[in-house]
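Since every read-out is calculated from the coordinates, none of them should be taken as a lab result. Keep in mind that what you see is a predicted model, and the values were worked out from it rather than measured.
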Amino acid sequence: LWLVRDYDRMKEEYESSVDDSPAPSDGQPKGSNTSDTTARKAIRRAALGKRVGAIDNALDQLPKEYRKGIWNNIMFRYPYPMDADRRTYSRYKSRFVFYIAKNMAWA
């Protein structure tokens with residue numbers, strides 16, 4: 001659930017990572033900026049893309065009528081809507097979490 005609750009921050013960081021500029025060099029021959037910043041950013045962007053994609057893919061596998069209720073329950077801890085039984089929402093919430101774990105190769 002922590003991964004889903006962090007979705008907005010990850011998506012924003014993923015989308016803004018293309019526009020980031022490198023930190024200015026300190027001018028010293030052996031300064032602190034010696035690692036490959038481009039590779040580090042690419043690895044970070046790929047990891048964020050995998051997480052965001054896993055959540056998006058898992059959400060797409062749920063029936064449309066339950067997506068908003070499950071999303072609001074996880075993100076904002078709202079109660080489930082009254083349009084279906086609580087057990088139905090709980091079942092699809094469990095499937096949603098399982099699909100995320102499966103997409104992330106955790107299950």
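Computed values, structure above
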item: Contour minus Cα-Cα distance for Ala105 and Ser17 (0.36 nm per residue); result: 29.2 nm
item: Extension reserve of the Phe76-Arg44 stretch, reckoned as 0.36 nm per residue once the Cα distance is removed; result: 8.9 nm
item: Count, lysine Cα pairs under 18 Å in the stretch 29-107, 8 or more residues apart or across chains; result: 5
